[in-house]
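Step one of this worksheet: look at the structure below.
The values are calculated or read from the model by the stated rules, or taken from the named source; none is laboratory data. This one's a predicted model, so the numbers in the text were calculated from it and none came from an experiment. Please note: Cβ atoms are built from the backbone with ideal geometry, for glycine as well, and neighbour counts cover all protein chains shown. SASA here: full protein model, heavy atoms, side chains in, ligands and nucleic acids out. Shrake-Rupley method; radii C 1.70, N 1.55, O 1.52, S 1.80 Å.
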Amino acid sequence: VFAAIVAYGLHRLKSRGNTKMSVYLIHMRVAAQGFVMGAMTLGVGYSTYREFWAKPKPWNRRCCLGLLGGLVCLVTKLP
């Protein structure tokens, strides 16, 4: 997907017509900022949905012991 976006941007750069380079770069910067803000908004929304509204999985109690740099976890069910 990223390669397609880059290819489209390069094609638009080549065929920009009479538009000045500075104006074109400003438009591309605004488009990139909009894309980033949209992606961040979707990510935060999805994370909030998963944390607060999605059906939680059953909890397991974990007892973790460090042993020689490794981590040994014993999983026991809560009563």
Next on the checklist: Pairs please, first residue from the stretch 1-21 and of a type outside the set (Gly, Ala, Ser), second anywhere and in a helix (DSSP H, G or I), Cβ atoms under 6 Å, 6+ apart in sequence or on different chains.
Outcome noted: ARG16/TYR24
Checklist outcome for this item: Exactly one of VAL44, VAL75, VAL36, VAL1 is under 16 Å from the mean Cα position of the chain (by Cα), modelled with pLDDT under 90, open to solvent by 70 Å² or more (accessible area, probe 1.4 Å) and not hydroxyl-bearing (Ser, Thr, Tyr), and that residue is VAL1
